[in-house]
Amino acid sequence: MEISVTVNGREYTRVVEPRLLLVHLLRDELGLTGTHWGCDTSNCGACAVWLDEIPVKSCTVLAAQADGHRVRTVEGLEGPAGLDQVQESFVLCHGLQCGFCTPGMLMTARWLLDHLPDPTERQIREALSGQTCRCTGYENVVRSIRHAAASERGAR
Ligand code: FES
Ligand code: FES
C-alpha cells in the first residue's frame, strides 16, 4: 500500500507492506536510524517518537497507521540554533552512557517539558516509566531533565 508520512517536516511517500512497523519505516526505508529498536515487545521505549505531538512506541504502530500524520524523531529535535536544550542537558549532566535508550528518553523529555515546564522529580520519573535504561540507574537522566527545565525557565 502507498502511504505518505511527514517526518520532521518533510513528506515521504512509500509503498509498504501493511504489516510494516513504524520503527522499520523510519530506520530501514527512510534511513532515520536515530530511533532505536530495542525489544520489539513494547517494553524498552528506545523507539519512542512523536505521532502528531504525542509520544508513541514506534514498534507498536504500523507504518500504515501513520499515513497522513506527522512524526517527529530524535533527528527532528535539533533546530537552526543548534541542539535542543534537552540534548544539551543530557550532554552536560551525563544523562547517558551507552546511549541506546537516549533517543526515546530525549523525545519523552521534550514532550514532558513542553507540557510541564517545571516538573517534580516524581513527575519526571513517571514520564520516564515507559523507558528502560540499563546503564545509568536513571539518576543522571532525571538530573538532565531537571537541568533542561531550569535552563529553559531561565531563558524565558
Ligand atoms: Fe519499541 Fe522496545 S523497540 S518498546
Ligand atoms: Fe545505556 Fe540507557 S544509557 S541503556
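The values are calculated or read from the model by the stated rules, or taken from the named source; none is laboratory data. Because the structure is predicted, anything quoted here is derived from the model rather than measured. Cβ: placed from backbone, ideal geometry, glycine included. Neighbour counts: every protein chain shown. Each accessible area value is taken on the protein alone, full model and side chains, heavy atoms only, with ligands, DNA and RNA left out. Shrake-Rupley method; radii C 1.70, N 1.55, O 1.52, S 1.80 Å.
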* Asked: To the nearest 20 debye, what charge dipole does the chain have about its Cα centre, counting +1 at the Cβ of each Lys and Arg and -1 at the Cβ of each Asp and Glu?
  -> 360 debye
* When the chain is reduced to its Cα atoms, the Kirkwood hydrodynamic radius in Å -> 15.7 Å
* **Taking the chain and dividing mean pair separation by its residue count, relative contact order in percent (alpha carbons under 8 Å, at least six apart)** => 24 percent
* To do: May I ask for the distance between the Cα centers of segment 27-72 and segment 99-154, given as a whole number of Å?
  => 19 Å
* **Between 0 and 90°, nearest 10: helix 102-115 axis offset from the chain longest Cα axis** => 70 degrees
* To do: Sort SER151, SER129 from largest to smallest accessible area, using a 1.4 Å probe on the heavy atoms of the protein chains.
  => SER129, SER151
* DSSP loop GluC sites (Glu not before Pro) in segment 70-156 with at most 14 other Cβ atoms within 10 Å of their Cβ, which ones? -> GLU78
* Structure fact -> Of THR136, THR73, ordered by accessible area with the largest first and a 1.4 Å probe, the sequence is THR136, THR73
* **0 to 90° range, to nearest 10: angle between helix 139-155 axis and the chain longest Cα axis** => 80 degrees
* Structure fact -> SASA check, CYS39, accessible area w/ 1.4 Å probe, all protein chains in place, rounded to nearest 10 Å², comes out at 40 Å²
